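Notes follow the structure.
The values are calculated or read from the model by the stated rules, or taken from the named source; none is laboratory data. In this text, all values refer to a predicted model and were calculated from it rather than measured experimentally. So basically every Cβ, Gly included, is an ideal-geometry build from the backbone, and we count neighbours across all protein chains shown.
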Ligand SMILES: [Zn+2]
């Protein structure tokens, strides 16, 4: 690893804003770096199909093993409430990379991209033993791992890998993440003038309120949580509203428990609305599957062995969040998010220690260099 190079790669990447769906400039930066190394990359058509300007970028490198490992990093960042400036001002103070606090840094996940690009340099510049690799730079991770979900997993020959994305410490991997579903509940009543003929109306907001009072919400148990977060409906105070919509989510590590709560949510509207004249409909969307990776899997064994070599404390983490590892594991590619040590992600205080970036690179290099 050339520390100056990986540092400037990270800074240059962070300076380019790339909110979900607008990853083009970061993708072009990555493509130019890859082609300067004499390597080929392909871009899929996720951009066209997911209303973005960029597809997933896939690079394959033949190494010394017949089987290959998958590495991924996402090119998008969150879009903060106040938007993003045209250029992000990145500073390094006492070995910590941060912004002028007027925007996020985007080390989530530019740190993962910087590590992957440095690894490509390492492969081109040395003849050291290394696994064959498939490296995928994904789009739209922050809005539901959409790029990874879209990715044609049939075209990926790796069976195991690492998702280079994590605000967890170096030395950690996330081995378990929940299933996530969204529901859209629409309640319909009957519109009428609220003052002239109120007896002809059925108030959808009132009906929805009765349902909401009964709907499961909050922490169900240590592995299951549900929330409703958006409600829309009504146009004027003098009209009895005939339509209200509520959007919620349900997450859980145990699929049976998730399905049990889903059934409770499903049954609530019809039970509450019986004889009210109002009607309700719920539409569910599976956002991504959960996963639980066994500690016996190859990627975990590589990781544990690499941590041992560098005398790094290993920690296997369960998260309640989700990301690219969810759809990948759901398609049978066993992979775990790899702690990179980024901190305060999605805020203007986001930062990453260069020492953590370098340590994460060394750990990953060791993981992909272990002879199987
Ligand atoms: Zn991320």
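May I ask you to verify whether residue 272 is assigned to a loop (DSSP other than H, G, I, E, B), more than 16 Å from the ligand (Cβ to nearest atom) and in contact with a helix residue (DSSP H, G or I) (Cβ under 7 Å, 6 or more places away or on another chain)?
On the way: assigned to a loop (DSSP other than H, G, I, E, B): no; more than 16 Å from the ligand (Cβ to nearest atom): yes; in contact with a helix residue (DSSP H, G or I) (Cβ under 7 Å, 6 or more places away or on another chain): yes.
When the stated conditions are applied, residue 272 does not pass them.
If you go through the range 138-165 one residue at a time, how many are on the phi < 0 side of the Ramachandran plot and in a loop (DSSP other than H, G, I, E, B)?
Summing the residues that are on the phi < 0 side of the Ramachandran plot and in a loop (DSSP other than H, G, I, E, B) in the range 138-165 gives 12.
Can you name the residue in the range 286-311 that is at pLDDT below 95 and out of contact with any helix residue (DSSP H, G or I) (no Cβ under 7 Å at 6 or more places or on another chain) and is also farthest from residue 371 (Cα to Cα) among such residues?
Filtering the range 286-311 for residues at pLDDT below 95 gives 286-288.
Subset that is out of contact with any helix residue (DSSP H, G or I) (no Cβ under 7 Å at 6 or more places or on another chain): 286-287.
Working: 286: 38, 287: 37 Å.
Checking each candidate, the answer is 286.
Please indicate, with yes or no, whether at least one residue in the range 75-84 is assigned by TED's automatic domain parsing to the domain that holds residue 7, at pLDDT 95 or above and within 23 Å of residue 154 (Cα to Cα).
yes
Are there helices (runs of 4 or more DSSP H) fully within the range 1-119 with at least 3 residues that are within 21 Å of the chain's Cα centre (by Cα) and over 25 Å from residue 170 (Cα atoms)? List them.
Details: elements: 3-15, 24-36, 46-49.
Because the criterion is at least 3 residues that are within 21 Å of the chain's Cα centre (by Cα) and over 25 Å from residue 170 (Cα atoms), the helices (runs of 4 or more DSSP H) in the range 1-119 that meet it are 24-36, 46-49.
Considering only the range 330-337, I want to know if a residue exists there that is surrounded by 18 or more Cβ atoms within 10 Å (Cβ to Cβ), assigned by TED's automatic domain parsing to the domain that holds residue 151 and outside any strand (DSSP E or B).
Here is the first cut: in the range 330-337, the ones surrounded by 18 or more Cβ atoms within 10 Å (Cβ to Cβ) are 330, 333-337.
Subsequent filtering for residues that are assigned by TED's automatic domain parsing to the domain that holds residue 151 retains 330, 333-337.
Of the ones still in play, those that are also outside any strand (DSSP E or B) are 330, 333.
Yes, because at least one residue in the range 330-337 is surrounded by 18 or more Cβ atoms within 10 Å (Cβ to Cβ), assigned by TED's automatic domain parsing to the domain that holds residue 151 and outside any strand (DSSP E or B).
Taking the criterion of being under 20 Å from residue 31 (Cβ atoms), touching a helix residue (DSSP H, G or I) at 6+ places or on another chain (Cβ under 6 Å) and either at pLDDT 95 or above or within 16 Å of the ligand (Cβ to nearest atom) (or both), would at least one residue in the range 119-137 satisfy it?
The initial filter retains those residues of the range 119-137 that are under 20 Å from residue 31 (Cβ atoms), namely 119-125, 133-137.
Now drop any that are not touching a helix residue (DSSP H, G or I) at 6+ places or on another chain (Cβ under 6 Å), which leaves 135, 137.
When the remaining residues are screened for being either at pLDDT 95 or above or within 16 Å of the ligand (Cβ to nearest atom) (or both), the result is 135, 137.
Yes - at least one qualifying residue is present in the range 119-137.
Determine whether residue 182 is farther than 30 Å from residue 7 by Cβ and within 16 Å of the ligand (Cβ to nearest atom).
no
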